[in-house]
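Novice: Can you keep this structure in mind? I'll have questions shortly.
Readers should treat all values here as calculations from the given coordinates under stated rules, not as data from a laboratory. What you see is a predicted model, and the numbers here were worked out from it, not measured in a lab. FYI the Cβ positions are ideal-geometry reconstructions off the backbone, even for glycines, and counts take in every protein chain you see.
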Amino acid sequence: AQSVTQPDIHITVSEGASLELRCNYSYGATPYLFWYVQSPGQGLQLLLKYFSGDTLVQGIKGFEAEFKRSQSSFNLRKPSVHWSDAAEYFCAVDPNTGFQKLVFGTGTRLLVSP
Amino acid sequence: DTAVSQTPKYLVTQMGNDKSIKCEQNLGHDTMYWYKQDSKKFLKIMFSYNNKELIINETVPNRFSPKSPDKAHLNLHINSLELGDSAVYFCATSGRPNTEAFFGQGTRLTVV
């Protein structure tokens, strides 16, 4: 079945440490890929996106993500986490079927410890 | 000036009532959406409209009726509210095809 998987429900990282959030998708063609962040009580903010081209994409707030076709993955990374990064992170896929819509993963809650 | 604004932000109502959530965007986008986020934070698309025309209806109960009076507005009307309708409802918009979606702040609906 077509799906987006974020295998980690929670991740705790020390402030200043590096971060990697995993995302895998199962769609036949290469979909469009996104990472969104949701702070408590807030809407979703786009961190970065991949449509084509360079497989390493840079986003806002120091985040980057790498598209790996062979692994059907689009993992989010940050070299040094700040306390303000604590939030819920969603990987999303537009299956590129001609009808624009986002299919979301189940989210990963990031906790940042002092 | 908020790009995608929803009203109200919070809505508490009794079972069986009818309620509406409004969404307005000032981005000039052609496509608008409603997404539902359940208590486990799972987000799922409900509807999408393109230039006031319904494009996607993801097997949502017909108690939910979206209405787009113009390109800048997409409202969601819910009849006969049920406990299971409690969720956060997000409006979103996107511009030309294959671009990112911009989300509103959400409306937290609580049915008691």
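Novice: Can you return the lysines within cross-link range of B:K22? Criterion is Cα-Cα under 22 Å, with same-chain partners fewer than 8 residues away left out.
Specialist: Qualifying lysines at Cα under 22 Å: A:K101, B:K9, B:K36, B:K41, B:K44, B:K52, B:K67, B:K71.
Novice: Provide the net charge surrounding B:N57, with neighbours chosen by a C-beta distance below 14 Å and charges set as Lys +1, Arg +1, Asp -1, Glu -1. Could you put the intermediate results ahead of the total?
Specialist: Numbers: positive: A:K101, B:K36, B:K44, B:R63, B:K67; negative: B:E53, B:E58.
Surrounding charge for B:N57 is +3.
Novice: What FRET efficiency would be calculated for the residue pair A:E15, A:R69, taking the C-beta separation as r and a Förster radius of 30 Å, to the nearest 0.05?
Specialist: On the way: r = 33 Å, r/R0 = 1.11.
It comes out at approximately 0.35.
Novice: In the Gaussian network model of chain B, springs joining C-alpha atoms below 10 Å, which of B:M32, B:M46, B:M15 carries the largest mean-square fluctuation?
Specialist: Largest GNM mean-square fluctuation: B:M15.
Novice: For the pair B:S20 and A:R22, what calculated FRET efficiency results from E = 1/(1 + (r/R0)^6), where r is the Cβ-Cβ distance and R0 = 35 Å, to the nearest 0.05? List each step's numbers first, then the result.
Specialist: Numbers: r = 39 Å, r/R0 = 1.11.
So, using R0 = 35 Å, E works out to roughly 0.35.
Novice: Points 7 angstrom from Cα along the Cβ direction at B:K44 and A:D8: gap in nanometres?
Specialist: Placing both labels 7 Å beyond Cα along the Cβ direction yields 2.7 nm.
Novice: Size of the dipole of segment B:1-69 about the Cα centre, Lys and Arg at +1 and Asp and Glu at -1 on the beta carbon, nothing else charged, in debye to 20?
Specialist: Working: 10 positive and 7 negative charges, 65 e Å.
That gives segment B:1-69 a dipole magnitude of about 320 debye.
Novice: Further, regarding this structure: With each pseudo-label sitting 7 Å past Cα toward Cβ, what's the B:T59-B:K9 distance in nm, one decimal?
Specialist: Modelled inter-label distance: 3.5 nm.
Novice: Please give the net charge around A:K78, taking every other residue with its beta carbon less than 9 angstrom from that of A:K78, where Lys and Arg add +1 and Asp and Glu add -1.
Specialist: Values: positive: A:K61, A:R77; negative: A:E20, A:E64, A:D85.
With Lys, Arg at +1 and Asp, Glu at -1, the net is -1.
Novice: What's the FRET efficiency of A:L56 with A:S113 using the Cβ-Cβ distance as r and R₀ = 45 Å, to the nearest 0.05?
Specialist: On the way: r = 28 Å, r/R0 = 0.62.
The pair A:L56/A:S113 has a calculated efficiency of 0.95.
Novice: May I pose another question? Give the order of B:V12, A:V37 when sorted by the count of other beta carbons within 10 angstrom, beginning with the fewest. Spell out each step's value before the answer.
Specialist: Working: B:V12 12, A:V37 20.
Lowest count first: B:V12, A:V37.
Novice: Share of Cα-Cα pairs in segment A:44-114 beyond 20 Å, in percent?
Specialist: On the way: 825 of 2485 pairs.
The share of Cα pairs beyond 20 Å in segment A:44-114 comes to 33 percent.
Novice: Report the charge-dipole magnitude of the protein assembly as shown in Debye, nearest 20, computed about the Cα centre from +1 at each Lys and Arg Cβ and -1 at each Asp and Glu Cβ.
Specialist: Working: 22 positive and 20 negative charges, 41 e Å.
For this selection, approximately 200 debye.
Novice: Now, a different point. Calculate one ³J(HN,Hα) per residue across segment A:27-40 by plugging θ = phi - 60° into the Karplus curve 6.51 cos²θ - 1.76 cosθ + 1.60, and present them in order as whole Hz with x for glycine and proline.
Specialist: Karplus-based 3J(HN,Hα) across segment A:27-40 equals 9, x, 8, 5, x, 8, 10, 9, 10, 10, 10, 10, 7, x Hz.
Novice: I would also like to ask the following. Give, as a single signed number, the net charge of other residues whose beta carbon lies under 13 Å from the beta carbon of A:S39, with Lys and Arg counted +1 and Asp and Glu -1.
Specialist: Details: positive: A:K61, A:R109, B:K41; negative: A:D85, A:E88.
Once all neighbours under 13 Å are counted, the net charge is +1.
Novice: Further question: What is the magnitude of the charge dipole of segment A:44-114 about its Cα centre, with +1 placed on the Cβ of each Lys and Arg, -1 on the Cβ of each Asp and Glu, and no other charges, expressed in debye to the nearest 20?
Specialist: Dipole size: approximately 60 debye.
Novice: Could you tell me which of B:L54, B:N26, B:G84 has its Cα farthest along the dipole of segment B:7-112 towards the positive end, charges placed at Cβ (Lys, Arg +1; Asp, Glu -1), taken about the Cα centre?
Specialist: B:G84
Novice: At most 15 other Cβ atoms within 10 Å and a DSSP loop assignment: could you name the GluC sites (Glu not before Pro) in segment A:7-114 that fit?
Specialist: Values: sites: A:E15, A:E20, A:E64, A:E66, A:E88; in loops: A:E15.
Those that pass, being in a loop and sparsely packed, are A:E15.
Novice: Now for a different question. What residues from segment A:8-25 fall in the zone where the backbone N is under 15 Å from a label point 7 Å along the Cα-to-C-beta line of A:S80?
Specialist: A:14-19
Novice: Classify chain B from the C-alpha gyration tensor, please: rounded if a/c falls under 1.5, else prolate or oblate depending on whether a/b exceeds b/c.
Specialist: Values: a/c = 1.74, a/b = 1.62, b/c = 1.07.
Taking the square roots of the gyration eigenvalues as a ≥ b ≥ c, chain B is prolate.
Novice: May I ask you to give the average projected area over all directions of the convex hull of the Cα atoms of the protein assembly as shown, in nm² rounded to one decimal? Could the numbers behind the result be given before it?
Specialist: Values: hull surface 50.7 nm².
About 12.7 nm², averaged over all directions.
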